Structure formats: C-alpha cells, structure tokens
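This report refers to the structure that appears directly beneath it.
The values are calculated or read from the model by the stated rules, or taken from the named source; none is laboratory data. Computed from a prediction, not measured in an experiment: that's the story for all the values here. All Cβ positions, glycine included, derive from the backbone under ideal geometry; neighbour counts span all protein chains shown.
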Amino acid sequence: MSDPLEDLARALHEVPAVVHDAYLDVLASNDLARRLTAAFEPGTNIARFTFLNPVVPRSTTTWDQVARTIAGALRAASPARLDDPAFRALVGELAAHSDDFNRAWAAAESQPPTAGFQMDHPVVGPLHLTWVELVVPDSRSGRVLTVWRPDDATTAQRLHALRTARPFP
C-alpha cells in the first residue's frame, strides 16, 4: 500500500518536495528535489550529508544558516527521542566528526527558525528558495513534507530549466 504523504511529494512537479522523518532520513522525494541535491535521494540522511560531506559548505552561500537549521531540527526532535539509541547514535556520530555540527548544535537553541535557503547549483547556477514544512501531527516517526518555492523569477526559471533538463549521468 502506498503512503499518501510520499505520493503527494512525488506528485508535485513544479517545486522540489521531500518527505523525511525526525532523524532527517529522506523517505521520498520528487525528481526535481533529487536534481536539486543528492541530499534528497531516498535513504539519505540529510544531517550526515550536510555535516559529513566536505563539499556542502562550499555549495551554499548561507552555510551557517543551513547548518543551524539542520542542527536545530535534530535538537528540536531530541526531547522526544532521549531514550532512542538510534537518535543518540546519530547525534553522537555528527558531534564526533563535525566541528560545524557542534557549533551549529550549540547555536541552534538561540537561533530563530528560518525559511530561506540559497545555493549555487552546478547546472543552473544560484537559486534563492523558501521552504514550507508540513508536519504530520499524528506521526510517531516525526514525518515532515518539505516543499521549496522560488523566491524570484530568475530562480523560478532556473528550477524550470533543472526540471526539464535531461537526466544527470
């Protein structure tokens, strides 16, 4: 049986859409999200991809903001997951291997949540996006559907070009 939230993410074509859980594991994504970044491939952990991949800080012009947002999402989920060994292992792994994660985790509590994101995509160039998160309230796994929209006409054109480009090798 298919999952309605995951089906919704895959059905959206004009904007990148991703379903993830409280661990930031990608459960489903649409084609445009996967073209936007390999972080959105199903099965990928967004936090590991962000903090343990040396290329990521150079690919976004808003690295500190992205780092605080990702660490903040984990930190916000942590009170409900204190007894969860897998969650503690994920946070421990990130803390052991990423100074950026440690700084972002420490700063996450005092930083207001933000909805903006800028990146320099290798195929279409700079993108200015805003995301909207739709949280499934009765979901024990903490599932979230995140959808990105372009902030300006240039980004909208670039997303369209990315969506209609031939598949990447």
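The lone criterion from (1) under 16 Å from T50 (Cβ atoms); (2) of a type in the set (A, V, I, L, M); (3) modelled with pLDDT under 95 left unmet by A95 is number (3). Of all residues in the stretch 102-148, those satisfying the criterion of being modelled with pLDDT under 85, more than 17 Å from V66 (Cα to Cα) and in contact with an Asp or Glu (Cβ under 9 Å, 6 or more places away or on another chain) are S139, S141, G142. In this structure, T61 does not qualify as crowded, with 17+ Cβ neighbours inside 10 Å, of a type in the set (S, T, N, Q) and touching a residue at least 40 places away in the same chain (Cβ under 8 Å). Tell me which residues, restricted to the stretch 50-72, are in a helix (DSSP H, G or I) and either in contact with a Phe, Trp or Tyr (Cβ under 7 Å, 6 or more places away or on another chain) or among the aliphatic types (A, V, I, L, M) (or both). Passing the criteria: F51, L52, V56, P57, V66, A67, I70, A71. A single member of L94, L12 is surrounded by fewer than 20 Cβ atoms within 10 Å (Cβ to Cβ) and touching a helix residue (DSSP H, G or I) at 6+ places or on another chain (Cβ under 9 Å), and it is L12.
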